[in-house]
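Report on the following structure.
The values are calculated or read from the model by the stated rules, or taken from the named source; none is laboratory data. Keep in mind that this is a model prediction, so the values were computed, not measured. No Cβ is skipped: glycine too gets one built from the backbone with ideal geometry, and neighbour counts run over all protein chains shown. For the accessible areas, the whole protein counts, side chains as well, though only heavy atoms, and no ligand, DNA or RNA atoms are used. Shrake-Rupley method; radii C 1.70, N 1.55, O 1.52, S 1.80 Å.
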Amino acid sequence: IKALERRWFEESNKGKAAGMTVINELHATDYVFHSGTGKDIRGLKDYKQFMSETYRAFPDLHVTIDDMVVEGDKVAIRWTLTGTHKGEIEGISPTNKKITIRGISIERVVGGKFVETWERYDTLGFMQQLGLVPTPKKEK
């Protein structure tokens, strides 16, 4: 499972073409992605659309595995994502701002493929870095 996870991150970090190419190989056809935005994405077609939009918005997307723990058919990953907001995402126009967000994913693997992912990330920090939500001022 760790090798599968590392392969997904490595290919994803090579850019859109590599990331999109490996989706069919590493994900089950009935894959379910419980996204950090609270939406469920069901099936490879919709997941590919989601990933395509993500790459369009952040063409220099890079995700680092900070920690990984496997138990049974599940793997938990603490990760850090960096990228530059160059395209529209979720109705948000490009800001050209560089972002760094941290998150956690739990993925279930069956038959050597991802079948389900639960993802949560620092959405407030993400919105603040894009300048969409004010960052509180520190009091002196």
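Here are some notes:
- The condition (being open to solvent by 30 Å² or more (accessible area, probe 1.4 Å) and either in contact (Cβ under 8 Å) with a residue 60 or more places away in the chain or under 11 Å from the mean Cα position of the chain (by Cα) (or both)) is satisfied by just one residue among V32, V70, V115: V70.
- Once segment 77-96 is narrowed to residues that are of a type in the set (S, T, Y) and in a strand (DSSP E or B), the residue that is surrounded by the most Cβ atoms within 10 Å (Cβ to Cβ) is T84.
- Looking across segment 130-140, just one residue is under 28 Å from D40 (Cβ atoms) and open to solvent by 60 Å² or more (accessible area, probe 1.4 Å), and that is L132.
- Every residue from segment 36-88 that is touching a Pro at 6+ places or on another chain (Cβ under 7 Å) and over 23 Å from K14 (Cα atoms): none
- Residues satisfying the stated conditions in segment 4-20, i.e. charged (D, E, K, R) and surrounded by 14 or more Cβ atoms within 10 Å (Cβ to Cβ): E5, E10, E11, K16
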